[in-house]
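This report refers to the structure that appears directly beneath it.
The values are calculated or read from the model by the stated rules, or taken from the named source; none is laboratory data. Being a predicted model, the structure only gives us computed values, none of them experimental. Backbone-built Cβ (ideal geometry, glycine too); neighbour counts: all protein chains shown. Just the protein is used for accessible areas: all its heavy atoms, side chains included, with ligands, DNA and RNA removed. Shrake-Rupley method; radii C 1.70, N 1.55, O 1.52, S 1.80 Å.
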Amino acid sequence: MRFLVRLASLGLWCVAFSFVLYAQTAAQLRTSDTELALETGPASPRLVSLTVPGQPKWENRSSEVLIEFAEVSGKPIPLHWNFNRDASEISEERIRFVYDSPSPHLRLTWEWRTRQGYGPIEHQIRIENLNADEIWIPLQDTLAFDWRVDAQSTLEHFYVEKGADTPSPIGTHHVALANDYRWTGTSSTYGDLRSDQPREIIPGSLVQREPAQSGWYVGIEFSGRTRISLTRKQDSLQGAVGLDPDPGPFRTRLTPGETFETPVVFLGGFRGGPDGAGNILRRWVRTVLGNPETWKNPNYPLVVNNSWGGGMGINEDIALNMIRDAASLGVDMFHVDAGWFRGVGDWRPDPQKFPHGLDFIADQAHKAGLKFGLWVDWTQAGLSTKPGALNARDPKVHDWMVTDLPADWKPESFKGQTIDIGVPEAKQWAQHEVERIVDDYHLDMLEHDGYLVAHGCDRTDHPHASPDPLNKCIYPSWGSYWVDSSNSTDVSYHAVRAYYEIYSYLRQHHPGLLFEICADGGRMVDFGTAAHGDYFSITDTYDPLSNRRAFYDTSHVLPAAMLESYVEKWPTPRIENFRYMLRSGMMGWLTLMINTNDWSPQQHAEARQEIDLYKKELRPLIRDADLYHISPRPDGVHWDGLEYWDPERRRGVVYAFRGSIQDEGMHSFILKGLEPSAHYSLRFYDHSAHDRTFTGRELMARGFRVTLPFPNSSELIFLDAEAH
Ligand SMILES: [Zn+2]
C-alpha cells in the first residue's frame, strides 16, 4: 500500500529507473544465540530473518517502516528515502545502513550491533536534521516486523508486569498466541495503574514455538513512554516496538543539526523457554548495561537497613541507634529514607531532627564500617522560601513546573510538584543540586523516588511538542490527577534523556556511587534504568508474599542482584516465620526496613546468622548463578521455590517456601539445568531432612522432597556436584 502511494507520486518510469541502478546489499550479524540477516532496499532497509542456531528461521516479510513526511514551516512535506552506500558501514559487530532524504534534507541511520559474543543484538534508528531550519517529524518506531508463521503452529507469548504499588495476582503471563491475538504492552516512568487498563510491563516480550520452547525476545532500553504490540492473523505475526504512539499524533522537534534517536531495542534468540532466555539475558544485562564499577565490588548486592520502618519519624537518635544495631548484625549499608529534609524541594537536613547535620550521620555510619545511602525526590518543587530550595512560586523557576498551580496548592509531606527536567535550565539546576547532596552528605548511595519524569506538560515554550487541547485524557490518581496528551510521549522522551545525562555525569564524577531506582516502588523497572542505575526497588508492598511475587516476575528478565526487596515488620509468632519473612527478601538485594532494635535477642541472633549466610553462601550465587523458576508463581497458600545453579562453581541452592495452608507439609521440587549423570549432594540448611545424594537425572525427573511442619516457613537446600 505504501509502495503504491510512492509509485503514484513518483511516476512509474522513475521507480523502474531507480530499480535498474539499485544493487542490493545484504549483511549478517551473529552471536552464539542469535543470527540476523539484514538487507537494503532502494527506499528502506529490511530485517530479513532471525535464526536461533539449529532451529527453523523466523522470516520477516516487511521492510522497516520509515517516516513518510516531515513538517516544515507547519506544512507536511513527503520524504523520499534513498540508500546512501558511501555513508553506510558493515563490520562484524555493527551494521549501519544510511538513507538520505534530499528535501527536506534528513539522514536516517538504521543500525544493528552486537555487544557480546552471546545474547541479543541491539537496534536503533537515528534521524538527523541537515536543514538550516527547524523541522518536526512524526513517530518513528524502532522496529516493526511481520514474521511468517505456520498457520497451524502453536505459539506462546510471555511477558512480565512491573511490581509497581502491589504485584497483581498474575504478574507473569504465559498466553497462547492464537489466531486473532491482539496485544499491546506499555511502559512509562510512572507505572500507570488505571483500573480500566492492563498493568504496565517491564518493556520486553518473548515469543516461543511450542513444544520446542525456542523463539525470540525483544526489550526496550528506555524509560519514557514505550510500547510493544503483537498481532497474529493466520500465518502473519506482526509487531511494533518503540515509543508509545498513544495518545497521538506524536510529533517531535528537530532543530538544525539535531538528531532524533529512537529507543535502543535488543532482539535475541533462545532455547529452553523463558528461563533459557533469562539465563542469557540476565548475564547480558549485567555485562552490557550494568556498571562494571558496581559489579567489581564482591559485596554487591549489599545488605541494607533502611529507616522507613519508622516512617517520617527518623531523627539523629533513631539513626544512631539503627547504625549501631545494623553494624552488630553485619549489615553493609545504612539508608536514610524520606523524613530527613526541611521540606519538599528543600533538600537540607531538618535541624530539629538532625542538630549535627546529615554528614555527621554519614560519618558515624562510616566509622561503624557501613556505607551511607539517602532518599531524595529531587525533581519535586515545594513552597519553602529558604535559600537553595526549589519553590514552585518562585518566578525564576515557575516555568519549569508542568502546569500552573492553583492558588491553594500545597505539597504533601514528601511529594511536591514535578518539574520538567527536559528544560535545559531545570536539568542544570537538578544536576547541580543532586551533586551537592552527594558531596555535602557524604553519600555512597542515592535513592531516587517519586515521579522523576512528568506525566505530561502543559507548557508551550519547552523543547517538547505542545499539548493538543482537543486530545487530552485526565485520569484521577491518588487524590490528584494526571494528564496524558498528544505530547506526553515527547515530554517523556526529553525528560528521560535529561535524567540519563544527569546520572551518566554523576557516575563519571563519582565512581563507586550507587544509584537505587525506586520511583514509587517498582514503577521504573526497565532496561534503560538498568543501564543507568545499580538496583531497583521492585515493589511498594513489602510483606513476604509481595516480595516473592515481585521477585518471581522481575527475575525473569533482570539480574537477581539488581532486584531489591524491602523486608518490613510482619507477624512472626515462631522463629520459623521470622526466617520465612527474611528469606522472602533474600533472593536478590536484601534491604531490611525495620527498626531492628525492636527485635528480641533470639530474633537478633537469628538475623545475624541469616545475614552471615547471605553474605558467604547466597550472595555469590545471586550474583553469578543461573536462575530457574521451579514452581508456579507464589500465591502464599501453597509451596513455591526458586533454584540457583552455578555451572562454574558446580554449586547451587533451592529456596523453598511453604505457604499458609495447614495440610500441605510436604512438597517435591523438580530441578533444572543439571547434568543427568552427575551426582549432587543436598544439604538441608535448617536440618529439616538428612543430607542426601541424588543424580541429576533423578532431580530433574522426580525431584526431591522438602517437609516442613509449620505454615509460613522455609528451607534452604544447598546443592554441590560431586567430583566425577
Ligand atoms: Zn514541559
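Annotation note: of D553, D520, D540, the sole residue that is open to solvent by less than 10 Å² (accessible area, probe 1.4 Å), more than 16 Å from the ligand (Cβ to nearest atom), touching a residue at least 12 places away in the same chain (Cβ under 8 Å) and of a type in the set (D, E, K, R) is D553. When A607, A498, A560 are checked against the criterion of being within 16 Å of the ligand (Cβ to nearest atom), open to solvent by less than 10 Å² (accessible area, probe 1.4 Å), touching a residue at least 12 places away in the same chain (Cβ under 8 Å) and not acidic (D, E), A498 stands alone in meeting it.
Tell me the strands (runs of 3 or more DSSP E) entirely within segment 53-117 that contain at least 1 residues that are out of contact with any Ser or Thr (no Cβ under 7 Å at 6 or more places or on another chain), free of Cβ contacts under 8 Å to residues at least 60 places away in the same chain and small (G, A, S).
Working: elements: 58-60, 69-72, 75-78, 82-90, 94-101, 106-114.
The strands (runs of 3 or more DSSP E) meeting that bar are 82-90, 94-101.
Do we have I125 as under 21 Å from V218 (Cβ atoms) and in contact (Cβ under 8 Å) with a residue 40 or more places away in the chain here? Spelling it out, I125 is indeed under 21 Å from V218 (Cβ atoms) and in contact (Cβ under 8 Å) with a residue 40 or more places away in the chain.
If I filter segment 386-398 down to residues being open to solvent by less than 50 Å² (accessible area, probe 1.4 Å) and either within 15 Å of R459 (Cβ to Cβ) or assigned to a loop (DSSP other than H, G, I, E, B) (or both), which single residue comes out as nearest to the ligand (Cβ to nearest atom)?
Let us first name the residues in segment 386-398 that are open to solvent by less than 50 Å² (accessible area, probe 1.4 Å), namely 388-392, 394, 397.
Checking the rest, the ones that are also either within 15 Å of R459 (Cβ to Cβ) or assigned to a loop (DSSP other than H, G, I, E, B) (or both) come to 388-390, 392, 394, 397.
Numbers: G388: 23, A389: 21, L390: 16, A392: 14, D394: 17, V397: 13 Å.
So the residue we want is V397.
Taken residue by residue, segment 227-235 has at least one member that is farther than 17 Å from A151 by Cβ and open to solvent by less than 10 Å² (accessible area, probe 1.4 Å). Scanning segment 644-663 turns up no residue that is outside any loop (DSSP other than H, G, I, E, B) and either surrounded by fewer than 16 Cβ atoms within 10 Å (Cβ to Cβ) or more than 35 Å from the chain's Cα centre (by Cα) (or both).
When segment 189-210 is limited to residues that are at pLDDT 95 or above, assigned to a loop (DSSP other than H, G, I, E, B) and of a type outside the set (D, E, K, R), the one that is surrounded by the most Cβ atoms within 10 Å (Cβ to Cβ) turns out to be P203.
When the residues of segment 426-447 are filtered to those that are within 16 Å of the ligand (Cβ to nearest atom) and in contact with a helix residue (DSSP H, G or I) (Cβ under 7 Å, 6 or more places away or on another chain), which remaining residue is nearest to G357 (Cα to Cα)?
Our first condition is that a residue be within 16 Å of the ligand (Cβ to nearest atom); within segment 426-447, this holds for 426-430.
Add one more test, that the residue is in contact with a helix residue (DSSP H, G or I) (Cβ under 7 Å, 6 or more places away or on another chain), and what stays is 426-427, 430.
Numbers: A426: 27, K427: 27, A430: 22 Å.
Once the filter is applied, the top-ranked residue is A430.
Applying the criterion of being within 10 Å of the ligand (Cβ to nearest atom) and charged (D, E, K, R) to the residues of segment 448-472, the residue that is modelled with the highest pLDDT is D461. If you filter segment 588-604 down to residues that are among the polar types (S, T, N, Q) and over 30 Å from the mean Cα position of the chain (by Cα), you find that the one that is least open to solvent (accessible area, probe 1.4 Å) is T596. Where strands (runs of 3 or more DSSP E) sit wholly within segment 257-376, those with at least 1 residues that are open to solvent by 50 Å² or more (accessible area, probe 1.4 Å), under 30 Å from Q124 (Cα atoms) and modelled with pLDDT of 95 or more occupy 259-261.
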